[in-house]
1. Pairs of lysine in segment 17-138 with Cα under 22 Å and at least 8 positions apart or on different chains: total?
2. Amide H of GLU168 versus every other amide H placed in the peptide plane: which residues, excluding those fewer than 5 positions away on the same chain, fall under 5 Å?
3. In square nanometres, what is the average projected area of the Cα convex hull of segment 55-171?
4. Hey, any idea what % of the chain's accessible area is carbon plus sulfur with a 1.4 Å probe?
5. Solvent-accessible area per residue for the chain at a 1.4 Å probe radius, Å²?
6. Using the Karplus equation 6.51 cos²θ - 1.76 cosθ + 1.60 (θ = phi - 60°), what ³J(HN,Hα) coupling, rounded to whole Hz, does each residue of segment 55-72 give in order, writing x for Gly and Pro?
7. Quick one: longest stretch of the chain between exposed loop trypsin sites (Lys or Arg not before Pro), exposed meaning at most 14 other C-beta atoms within 10 Å and loop per DSSP?
8. Taking the chain as the reference, fit the longest principal axis to its C-alpha atoms, fit the long axis of helix 16-29 to the helix C-alpha atoms, and give the angle between the two in degrees, 0 to 90, nearest 10.
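The values are calculated or read from the model by the stated rules, or taken from the named source; none is laboratory data. Predicted model, so just to flag it, every value in this text is computed and none were measured. Here the Cβ positions follow ideal geometry from the backbone for every residue, glycine too, while neighbour counts run over all protein chains shown. We work out accessible area using only protein heavy atoms, side chains counted, and drop any ligands, DNA or RNA first. Shrake-Rupley method; radii C 1.70, N 1.55, O 1.52, S 1.80 Å.
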Amino acid sequence: MSLIVKKFGGSSVATPEKIKNVAKRILREKAPDDRIVMVVSAMGDTTDDLIALAGEVVESPYQYTREMDMLMTTGEQVSIALLAMAFRALGQPAISLTGGMADHAHTKGRILGIEPKRVHEELEKGNIVVIAGFQGTDVDGNPVTLGRGGSDTSAVAIAGAIGADTCEIYT
C-alpha cells in the first residue's frame, strides 16, 4: 500500500475531456491498496483570464489583494469539483477540498503549517482526495494564494505533511 500525492497542472486539466482522462489514468495506474491525494491547478488559462477580468473591472486590481485572492482561488475550486465528479462517475469515491494552509500575506502567502487530519480521514473512507493547489487560508479564514507555481509548492508541502511515499508532479 502506497500513499501517493499526484499534482496535475492547468494544461493537464484544461478541458472536460482532459479532466476525464486524468481520472481514468489515475484509476488505471492505482494499485488496489493505494491511497491517492491529488493537487490540482486551475483549468488552462483560467487564472490569467480571472486576472484580466479583474483588470476590466478596476484599473489596478492588485490594490485589492484580498479580493484578488478570493477571485483567483475560484479557478482551482472549479477544477477540484469537476475532477471529484469525474472520479465518482467512474465509480471511485472522491472528495474535493480547498487548500487551507497559508498565512495572511495576500497574493504572496507562505505555508505555515498543514493539519492533515481531514485528508487522512477521507483516505480512510476510501476517497481519492482532490485538493486545490495554489491556495490556502489565513487564521481568519480569508483566502490566500501562494503565487505562481503555488500548486507545485502545495503538492510538496501536502506530501510532507501526510507522510506520502511519493509526490509526482505532472504539468
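1. 5
2. Result for GLU168 returns VAL5, LYS6, LYS7.
3. Values: hull surface 32.5 nm².
That works out to 8.1 nm².
4. 52 percent
5. 49 Å²
6. Going residue by residue, I get x, 7, 8, 9, 5, 10, x, 6, 6, 10, 4, 4, 5, 5, 5, 4, 5, 5 Hz, with x marking Gly and Pro.
7. The reported range is 1-107.
8. 40 degrees
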